[in-house]
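The values are calculated or read from the model by the stated rules, or taken from the named source; none is laboratory data. The shown structure was predicted, so the numbers you read here are calculated from the model rather than taken from an experiment. A quick note on method: Cβ atoms are made from the backbone with ideal geometry, for glycine too, and the neighbour counts reach across all protein chains shown. Accessible surface is based on the protein model in full, side chains and every heavy atom, while ligands, DNA and RNA are left aside. Shrake-Rupley method; radii C 1.70, N 1.55, O 1.52, S 1.80 Å.
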Amino acid sequence: MAANSGAWIGIADEVKSIFRVKWIDDSNPERGFDYVYLSEEDYGRISSSVIAHKTQLDSGEIRWVIDSVVGKEDGLGVENLHGSAAIASAYSRAYEETFTLTFVTGRTVGIGAYLARLGIRCIQREDQPIILTGYSALNKLLGREVYSSHMQLGGPKIMATNGIDHLTVPDDLAGVSHILRWLSYVPAKHWWTSSYYKTFGSNRQTLLHTFPENTM
């Protein structure tokens, strides 16, 4: 069941509010910057939130050049992506071991969108998008208003057409009904192969059951 906002990377507000920038050209910031830093006083207050090294100007001013931002709150940085990577890895391995299915019952973003593609089957509700990033972020990147909704990026008209979806449904009830129908075709034992033999009866009649790949 997919309804998520994707991995989230936060910001250390205590650093954001006081860091300073050493511009290449103070009169023309568009040329870029050399580094970001903290004054000695500010570094003394939030030293546990950053990894920085000390530099001293010819004027005697001491600056702490920021190498990394740690933050005082746990889970603000890229460590949030570790969980996403672990989920993707486990889901990919499961593809070879069992039947995997994603039902997009709410908006699914980022890693949730990747997982929808990694499974054997994907069902999408007609009113919910599958997106890697939001339309507003893309508009900012493009510099103009190209998209006006998430559905333009990852609605059923996009995802069903490009092959991500195997089925679109109007509501949750329809989605669950189709999931149960598909599950009825799944072999009861994970070690049963796609073509397997089952022997039963007094005459030990052998029947061949065939489940062609990607037909469930």
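Numbers for the structure displayed
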| item | result |
| --- | --- |
| Kirkwood hydrodynamic radius of the stretch 78-187, Cα pairs, Å | 14.9 Å |
| Selected from Q56, Q124, Q152 as most flexible by GNM, with the chain as the system and alpha-carbon contacts under 10 Å | Q56 |
| Convex hull volume per residue in cubic angstrom - Cα atoms of the stretch 118-177 | 85 Å³ |
| Solvent-accessible heavy-atom area per residue, rounded to whole Å², over the chain at 1.4 Å | 65 Å² |
| Kirkwood Rh and Cα Rg combined as Rg/Rh, the chain | 1.20 |
| For the stretch 139-154, Karplus couplings with θ = phi - 60° (6.51, -1.76, 1.60), whole Hz, Gly/Pro x | 4, 5, 5, 7, x, 7, 7, 8, 10, 10, 7, 5, 5, 5, 8, x |
| Euclidean distance between Cα centres, the stretch 59-126 to the stretch 1-57, Å | 24 Å |
| The chain, accessible surface, carbon-and-sulfur percent (1.4 angstrom probe) | 53 percent |
| Dimensionless Rg ratio for the stretch 66-110, taking C-alpha atoms and the 2.2 N^0.38 Å reference | 1.66 |
| Dipole of the stretch 13-69, positive end: most advanced residue of S17, S47, S59 [Cβ charges, Cα centre] | S47 |
| Nearest-ten-degree value, helix 172-183 long axis tilted from longest Cα axis of the chain | 60 degrees |
| Modelled label reach - E145, point 7 Å along Cα→Cβ, the stretch 94-137 residues with backbone N closer than 16 Å | 135-137 |
